[in-house]
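Chemist: Sharing a structure here in structure tokens format.
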Amino acid sequence: MMSLSLEAILYTGAIGLVVIGALGLVLSHHLFRMLLSLAVAEAGGNLLVVLAGYRGGAIAPILGYGAPGTPMVDPIPQALVLTAIVIGVGVQALAVAVLVRVYRAYGTLDLRDLVEHMQGDIAKAAGIPRSTSTHAPGGERPLPPVPALVRHQPRGGRS
Amino acid sequence: MSVTWAMNPTLPIVLPLLGAFLLQPIARVSAALARAVGPAILIACLWVLTETWLAQGGRPFAVAIGGFAAPLGIVLYVDRIALLFAAAVPTFALLFWPWAGTGQEATRESALLLLLVSSVTGLALSGDLFNIYVFYELAAVASFGLVAIHATGRAYVATIRYLLQSAFGSLLALVGIAILYTKTGTLNLAHLAQLAPSTLHDPLGLASFALMLIGFGVKGELFPVNTWVPEVYATAPARIAALLAGLVSKLAVLVVVRLLVLVFNQPEAAQLMLVLGAVGMVSGELSAWRAKDFPRMLAFSSIGQLGMVFIAFSLPGTTGVLAGLAVAFHHLVVKSGYFALAARWGGSLESLSGLGRRSKLAGAIYVLFALSLIGVPPLPGFWTKLIVLVALAQHGSLELVAMAAILVVTAIEANYLFRLAVVLYRKDKAAPAGPEARAPGLGVGLVAPLLALVLLAATIAIVPVTEGLRKVAAQTVDVASYVRTVFPPVSLPLAQKD
């Protein structure tokens, strides 16, 4: 009974983390907060994968660890979750790198402003009048000023 | 089964992956060599896949990676549909290869393209769900890099929005995979196909499918997770947009189709896909009607077309898969051709005024693709729509609604495509204004005419093409043969879990 309730708590926690992350992604406007929400949600997802192989009272799946015949937890989800964690970290690192570039280009990380800037730039590049924004009231509205910023190298990668 | 080295299906995955990582060091040594490496690898992949197709004569076979047998090890499953999609990958990568590029940026783009080719081929060939997830993530990372390759501010904003949406989609897919593993204890598709009837036909199984449908649907431009599409296609280079819209989306759809056919073969799952596809189709085409520039019109219309692909694949049996394949490949050719045109037609729709008069070939190709997309009789587009509509008409009321939606949407499609055709052939006395004004004769590369020729060839050879696709479809829906190929009868590995 004890192990069952522990499992229930863990499942609730994992799903709760995913839900918190999803809500954060939907409700926040700051890109860095959205990224953190994604990290929280990913932690929940990874926990769910580990739970898929969980057995109450079982030992770690290491050969020669514990007496023979002792039930072990399923090692496959643990191998899978390692991969998933590594992928998640990689994607988040990439996201932070892109965030830095976004901030250098527009001087803000607020998604509403950024979308305005982006739509404006797309329209300007295409040579069409700006379409009305979903966030702005009808009519003309001045864009928030872009802070004067240090010009970075447009393609400053490695090398 | 004897598998010679020349037809080893791991090669089309491993070679581009190797090339992607070796390209930067090679470029340090010799720039000319680095330029040659990418196309050489792609041609080698194409050769291996063709060789495999010819040698096997359409019989499916499975390869256990590293010699570890099926349910524990990872298998590659090679059948007609997998080979067809896998062969499309290097072909279209070659078409949209950065031939003209030089220097650091071209090397970087080539490396990312090779990475994309490798992972997307993996999606087509893999027979293990977690393996598919990893390839899917790899494809996602490669596409983020490709979208941001021109390093403009707007491309970065589009990339970060795409990244957040895609990463959240992958997370949902991972949760779906976790549910699947909890209920069955395996992620091998053949093994799942064996266990599915007894373990997955319940609400939790359906939830798992829904999560994976949404998760893999991000790349497939499925309805609720496709808001990244217009801004990414408007900011990325047209070649990249062509690959993402034409190729990568189809491979994501293939993953969903494999899941639907092998594992979640139940009406509720198909209906869910049908409804999402229909909503995506209608919303996409309506947005395309409102679009004011060519790339975004194409982006929205591609959402609409992929909605129809999802609708077609949601139908059961051979007809459903045949309809899906027909729409998918038609869209692959036409939309890639359109994006090839868009490489020169960047500006607003108005700035394209009179372009068809100045560049006869480009205008003709545009009209040809438009006619096929709408479905004017002799062209392949007509037959694909006919197959879908006939298949839909044979089923229930929900399918009839989808059928009506397709017909309505066709009218909208015709409206916005012909509206642009009228603009293209407008008699304009004034010189074209705007930054996109081009000298006459420009406005078309080599790729668009090539794809137009493919379309015309398919028009003439419509019967053999349809018969070929029907064979592919029949093999795809044969679940028993899939299981038998992965687990040969002599050594059925695990008893059915009851």
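Throughout, read-outs are computed from the coordinates displayed, never taken from laboratory work. It should be emphasised that the depicted structure is a prediction, and the values quoted were computed from it without experimental measurement. For neighbour counting, all protein chains shown are included, and Cβ atoms are generated from backbone atoms with ideal geometry for every residue, glycine included.
Chemist: Can you give the relative contact order of chain B as a percent, counting alpha carbon pairs under 8 Å and 6+ residues apart?
Modeler: Values: 773 pairs, mean separation 71.4, N = 498.
Relative contact order comes out at 14 percent.
Chemist: Right, here's the next one. Order of B:Glu51, B:Glu231 from fewest to most other C-beta atoms within 10 Å? Kindly include the intermediate steps, with their values, before the conclusion.
Modeler: Working: B:Glu51 15, B:Glu231 23.
Final ranking by Cβ density, sparse to dense: B:Glu51, B:Glu231.
Chemist: If you don't mind, there's one more thing I want to ask. Tell me which chymotrypsin sites (Phe, Trp or Tyr not before Pro) from the range B:6-90 have a DSSP coil assignment and no more than 15 other beta carbons within 10 Å of their own. Could you put the intermediate results ahead of the total?
Modeler: Numbers: sites: B:Phe21, B:Trp47, B:Trp53, B:Phe61, B:Phe68, B:Tyr77, B:Phe85; in loops: B:Phe68.
Answer by residue number: B:Phe68.
Chemist: Using helices alone, I'd like the mean residue ellipticity at 222 nm for chain B: each DSSP H run of four-plus residues gives -39500 (n - 2.57), total over residue count, nearest 500. Mind dumping the intermediate values first?
Modeler: Working: 21 runs with 352 residues, N = 498.
Here the helix-only value at 222 nm equals -23500 deg cm²/dmol.
Chemist: Output the relative contact order of the range B:1-127, whole-number percent, from Cα pairs under 8 angstrom with separation of 6+ residues. Write out the running numbers ahead of the final one.
Modeler: On the way: 156 pairs, mean separation 46.2, N = 127.
Relative contact order, the range B:1-127: 36 percent.
Chemist: At a 10 Å Cβ-Cβ cut-off, how would you order B:Thr476, B:Thr184, B:Thr50, fewest neighbours first? Before the final figure, lay out each step's value.
Modeler: Numbers: B:Thr476 27, B:Thr184 22, B:Thr50 13.
Ordered by Cβ neighbours within 10 Å, fewest first: B:Thr50, B:Thr184, B:Thr476.
Chemist: Related question: If r is the Cβ-Cβ distance from B:Gln24 to B:Leu386 and R0 is 45 Å, what FRET efficiency results, to the nearest 0.05?
Modeler: 0.35
Chemist: Sorted from fewest to most neighbouring beta carbons within 10 Å, what does the list B:Lys385, B:Lys292, B:Lys335 look like?
Modeler: Working: B:Lys385 23, B:Lys292 16, B:Lys335 27.
With the sparsest Cβ surroundings first, the list reads B:Lys292, B:Lys385, B:Lys335.
Chemist: Taking loop as defined by DSSP and a crowding limit of 13 other beta carbons within 10 Å, which chymotrypsin sites (Phe, Trp or Tyr not before Pro) in the range A:11-94 fit? All intermediate terms of the calculation are to be shown ahead of the outcome.
Modeler: On the way: sites: A:Tyr11, A:Phe32, A:Tyr54, A:Tyr65; in loops: A:Tyr54, A:Tyr65.
Those that pass, being in a loop and sparsely packed, are A:Tyr65.
Chemist: Any chance you could run the full-extension gain for A:Leu36 through A:Thr83? It's 0.36 nm times the residue separation minus the Cα-Cα distance, nm to one decimal.
Modeler: Numbers: separation 47, 0.36 × 47 = 16.92 nm, distance 1.98 nm.
Working it through step by step, the gained length comes to 14.9 nm.
Chemist: At q = 0.06, 0.10, 0.11, 0.12 Å⁻¹, what log₁₀ I(q)/I(0) does a Debye calculation on the Cα points of the protein assembly as shown give, no solvent, two decimals?
Modeler: Scattering profile of the protein assembly as shown, log10 relative to I(0): -0.33, -0.95, -1.16, -1.39.
Chemist: Right, another one. Under a cut-off of 13 Å between alpha-carbon atoms, report the aspartates and glutamates in cross-link reach of B:Lys471, not counting same-chain residues fewer than 8 places apart.
Modeler: Here the aspartates and glutamates satisfying the reach criterion relative to B:Lys471 are B:Asp79.
Chemist: Greater than 24 Å separation of Cα atoms is the criterion. Which listed pairs, B:Lys219/B:Lys335; B:Lys183/B:Lys250; B:Lys360/B:Lys427, meet it?
Modeler: Working: B:Lys219/B:Lys335 16 Å; B:Lys183/B:Lys250 29 Å; B:Lys360/B:Lys427 14 Å.
Distance filter (> 24 Å) returns B:Lys183/B:Lys250.
Chemist: What net charge do the residues around B:Gly277 carry, taking every other residue with its C-beta under 13 Å from that of B:Gly277, with Lys and Arg at +1 and Asp and Glu at -1? Numbers along the way, then the final one.
Modeler: On the way: positive: none; negative: B:Glu221, B:Glu285, B:Glu399.
Here the count lands on -3.
Chemist: Averaged over A:113-126, how many beta carbons belonging to a partner chain fall within 10 Å of each residue's beta carbon?
Modeler: On the way: counts 1, 7, 4, 0, 3, 11, 5, 1, 7, 11, 5, 2, 11, 14.
Average neighbour count from other chains, rounded to a whole number: 6.
Chemist: When we measure straight from the Cα of B:Lys292, which aspartates and glutamates land under 14 angstrom away, once same-chain ones fewer than 8 places off are left out?
Modeler: Those aspartates and glutamates meeting the cut-off are B:Glu231, B:Glu350.
Chemist: On to the next question. Provide the net charge surrounding A:Ile87, with neighbours chosen by a C-beta distance below 10 Å and charges set as Lys +1, Arg +1, Asp -1, Glu -1.
Modeler: -2
Chemist: Whole-Hz Karplus ³J(HN,Hα) for the range A:6-17, in order, using 6.51 cos²θ - 1.76 cosθ + 1.60 and θ = phi - 60°, x for Gly and Pro?
Modeler: Residue by residue, the range A:6-17 yields 4, 4, 4, 4, 5, 4, 4, x, 5, 5, x, 4 Hz.
Chemist: How shielded is B:158-170 by partner chains, expressed as the average number of their Cβ atoms within 10 Å of its Cβ atoms? Please list the in-between numbers first.
Modeler: Values: counts 4, 5, 13, 7, 1, 8, 10, 1, 1, 12, 11, 0, 6.
Across the residues of B:158-170, the mean count of other-chain Cβ atoms within 10 Å is 6.
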